[in-house]
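One structure below.
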Amino acid sequence: MKKLILFSIMCLLLLTLVSASWEFDNVLSYEKEDLKVTFINAFNIPLLRYNLGTIELKSHSSVTETKRFGYGKEEVTMWYDFVDWNFYPNGLGEVIFTDERTGKEVDKNYYFVEWKEIDIPNYVQSCLNNDLGNGTIINSCERIQKGTKKEFQWVKYNSKDIPNRNIRIGLKTYVGRNDYIDGVWTIVGKEVSKHITWTGDLEVGLVSYWRMDESSGTLSDEQGNNTLATTGLLYSQDGATVNTITSINFTAGESIAFKSSPIGMNGDISGTMWVRADTRSNLDTFVGFITASSDNMQLFFRDPDLLELSGFDGASEEATGVYTSFMNSWTFIYWEITSSTFLIYVNNSLFANDTSVDWSGITVTNFSFGADSTNGLRDLRGGMDELSIFNRALSEEEQTYMWNDGVYCAFGDDGCDFILPIVTLNKPDNNTIFLTNEISMNCTVSDDINLVNVSLILDGVVSETNSSGINNSLYNFDKVLSLGDHNWTCRGADNESKVTTADVRFFNVTIGVLTELISPVDNQNFTTTNVSFVFNSTAIGQDLVAGNVTIWFSNGTFVLTNGSDLSGSEEVQTNLTSQISDGDFIWGASTTGTVNSDTTSNRTFTVHTTPSSVAITFPTGNIESFVVGDNLDLNWTISEPGQNLSEHITNCSFTYNSVEIFFNLTQCIEINSTTFLYVNGVNNLSFKVQEEFGFNTTNTTSWTFSVLEINQTFNNETIEGNLEDFEAKIELGGGLSISAAALIYNGTTNVGSSSTTGGVTTLTATNVLVSSVTANTNLSFVWALILSDSSQINLTIKNQTVLNLGLDNCGVFTNRIFNFTSVDEEEQTILVNTTQEIAVNIFSSDRSELVLNLSNEYTSNPTLICLNINLTNSTIYSIDVIVRYSAEDPNYAIEYFNIVNLELTNDTEEQVITLFDLNLSDSTEFQLTFTGQDFLPVENALVFIERQYIAENTFKTVELPKTDSNGQTVLHLVRNDVLYNIVVVKDNVVLGSFSNLIAFCDDFTIGDCKISLNAIGEETGVFNYDEGVGILYDTQPVYNASTFLVSFDFISSDGESKIVTLTVERRDVFGNTSICSSTVISVGGTVFCNTGNVTDTTLFTSIFVDEEEWINSQVSVDTSTYGSIGYVALFFISLLLILAFGDSKNGTIFALLIGYLIAITMGWMVGGIIGPTSSGVWIIVLTIVAIYQINKHRIT
């Protein structure tokens, strides 16, 4: 039992907790005549239930009230106060809308709003008195914002949650004209069944409405609020529109309608009226209001062509615009003054607007129209009709409804539709005479809303009514009538029972005959010459006599007539057959009666028994040349004897590579040409013409090519003076070969070569010199071929863009290639007051053509040389440079630096060259004479003068002159004190290398300073792994055993400074070990690497040029050893000594020691006996230790 009770309590607790999140267990409790609803949880079960919260309907006085709104805009149609709620997520569910007229649910857009206090701008009047200086003071005022003020407004509630606070929530939705809607809210999953309704009605907020249909006395207000007293009015005038009965006229004098203390004209206010100004003067007033504070509002003419809506509450506020169309015509005006608007609409178009006003809170004490309400003056001279006053602003939809396209919808006329149907009679025309009694009558009828029916009125009687109701459509009525006069018209009726009947038309049916063509139909085609002509003949009031068919050529030439006799008055069909040849024809028929006759209009037909012919004129047979990938022309002719192709051809097409392609008739029969994309190897096509007669004509063609151009390969862009390669691939026709091929480049013929592989012939022209240009230019070239059949064929002309090449000192151009910097040769500091005479010559890569040169004297230091463009990838030039340089203050020697055959490509980096200039106080001019092995002078040899810089442990090229025709040049050297290397190079061949020279003069006093050098021995060719090494050298690195130095001599092959690095390493079973590394940056010189006192027999060297490894070799450390033979000798001598003294352990150890000493002494291996680094000392020590260890326990 205890368990049962405990279980029940747990279930109740669980149900309480869970029910808080469920909605199906919520129930509703209504009170206060169903206006207040309490939401209860947990099925309202005692002990478990609790209130979720309450809502109370505040928008309606009862749940049966239907709230009325204006229409055409969004309105807050209902709202509840939510009280004592905890936070409930998504508590605001769907709102269900029902049209109370139909009882069906409708879809409407809506959203929730909250009644909330917000800050709004607070405006005040600011006025100033302006003295114009002539005694006139004008008071001007304006509204300015001064802070904000609090005001409750509806604000959009962007949530579906019910908050944990008291809140008023409303429903905002669009209210349409004649809406009658019921709204049911779903709250916490339950529909509030005691719901309310609202409707959209123009009458909402209508204070007064005056129809002005009276014949005398006061003007009645349809709302019963404000009946107006009158003075001097003219009654019962014509109404403003068809929808108004009469109007009131105001005349000059004191014509006015007015009322003191009007009802309901306070706060926001708007109005409508029809007005007509017969004459117009300044201040003529339509409507006027006076407030309790003597403020006023008036709608009147100003000046007099302005229409002005003016309000005065201490400062003038007005909406003004020019409108001059009031004179003698009725005009519809809507005006509006609210807390935020001040505007006028004229004939439903916005006319003037001022949004910076505040007209709230006024109380009107006097109202008038037709004159100024203050004194009855300023009266209107003209008519007014249908005037209304509202205490709210009308929506644009309401304004548009009342305007009704100028017809006007008056108060209480909610279903107005005064636009009548439009009826237009088409055929027959008035006073038509018919020779047939079968008459067709038609008219077009339309309505602005909905057409209901259209009736034919024949001879004054409704003969037939069409109730299809198709708006703006043609209505046709066919009748068989008696002879004589008749009349007809159409009448249209719309959904508002508005009826329009068109003016009556007249026609006559008289005696006659009628001929009707049956066949051939118009434009019929025949493929046979036997043509049957069929027509009907009918007599009216007489008998038939004969029927005839007449045929003409299309140009009007008579062909033949065929006829048949007829009789009686009944309709007769005649069938006549004639033999007709090919051609285009016209035919007609005629019927003869006993009184008169009838001839038909003509028809056309064509007889065509012969199909068209097609001739393909291209491509056909052998074609000299064509380019794969181009479109191939297709040309044809079509002929058809005696026929008009444009009328008979229906389709043109050709089939190529299994694809049929159609084109239009103009192209087929007039242009007679098209193009198609050629597919290599597909050399045939078919052409087809289809005719409307059913004939199809097809023709085929095939062709071959002597030369089929596949492609051409070349650089689209190059630079003048470059050597370019050109290639073309072609296929030759059967049995043909190339007899000669040439590339004609810009008019210059270059012999080409050809080779054939797999049916494809390759044409090649290499090292074609690109012509010089003065500006960037497109140069043309063409391959010219002579084939084995002696035919001459040119391939497609191509263009190559040739760029102009330019040089300057980087004043305009920016692509640097040289940087020449003059420095003091001794101090290596940059000089001032320098002069550099520079000549730069750029050649084609084979040096056959001078492309460009630059020569000038420059005083800047450094001097820069720039190209105008970046070189293309394929561009290669050879470049020579001569620099003659010197400096002043103090004076320096005039020296030369030459660069010969430097390769210039787009990968060539800027050449930074240091020009070493020797101070004249240190300089001595030496005459160098260099002769070859044949002891003859060597001309144009480069002489590299390398000066030793001891502190830097390097040699640097300080001068680079060139020998003359006598093999001589001048060197600027320091006598006696400086060590030099001299290397002589010509055509990349080292003719002589002379190291460690000191410059001595035989007799300095007389200037006898000469150096004579000879290329003794064979010339040493340059050992290059490829063209990119960039240095010249005689031998690979060598080792000096006395100084422990590995050295490498080099010289730059192009006069540029090179970064040359020498590395030495040991390689043994323990791996590779670096011994030393040394770097020199110079045009030429020697790089040294100190290895120390190593005992290895062989070391491994590597040479890096500009940080790229190029040369690997080995050096022998000590050549005095016997190498591996010495170790073999050591083995045998040690073996003999062990055999001789190896009776004991001590003897064996002594034998090994003695063998080692013998090998060292005899030079069989490298090593030392004494010294801390010698291996001999340590072997002796190890021997003594070993003997001690063996004998220390021996008992003596």
Intensity falloff of region 484-545 expressed as log10 I(q)/I(0), Debye formula with alpha-carbon point scatterers, at q = 0.14, 0.23, 0.24, 0.25 Å⁻¹ = -0.73, -0.98, -1.01, -1.04
Exposure proxy order (Cβ contacts within 10 Å, fewest to most) of PHE955, PHE558, PHE1088 = PHE558, PHE1088, PHE955
Treating the Cα atoms of region 810-1019 as identical point scatterers in vacuum, please give the log10 of the normalised Debye intensity I(q)/I(0) at q = 0.11, 0.12, 0.13, 0.17 Å⁻¹, two decimals.
-> -0.57, -0.68, -0.79, -1.26
Can you sort TRP552, TRP783 by how many other beta carbons sit within 10 Å, fewest first?
-> TRP552, TRP783
Neighbour-count ranking [beta-carbon atoms within 10 angstrom, fewest first] of ARG165, ARG505, ARG947 = ARG165, ARG505, ARG947
Using alpha-carbon coordinates alone, the radius of gyration and Dmax of region 512-607 in Å work out to 13.3, 41
Is region 422-509 rounded, prolate or oblate when judged by the Cα gyration tensor, a ≥ b ≥ c being the square roots of its eigenvalues, rounded requiring a/c under 1.5 and prolate requiring a/b larger than b/c?
-> prolate
Pairs LYS149/LYS194; LYS36/LYS149; LYS58/LYS190: which are spaced more than 29 Å apart, C-alpha to C-alpha?
-> LYS149/LYS194; LYS36/LYS149
Prolate/oblate/rounded call for region 627-702, Cα gyration tensor, a/c under 1.5 rounded = prolate
Per residue and in cubic angstrom, what volume does the convex hull of the Cα atoms of region 664-818 have?
-> 194 Å³
Compute the relative contact order of region 422-509 as a whole-number percentage, counting only Cα pairs closer than 8 Å that sit 6 or more residues apart in sequence.
-> 38 percent
Percentage relative contact order, region 810-1019, counting C-alpha pairs under 8 Å, at least six apart = 18 percent
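Throughout, read-outs are computed from the coordinates displayed, never taken from laboratory work. Keep in mind that this is a model prediction, so the values were computed, not measured. All Cβ positions, even for glycine, are placed from backbone atoms using ideal geometry, and neighbour counts span all protein chains on display.
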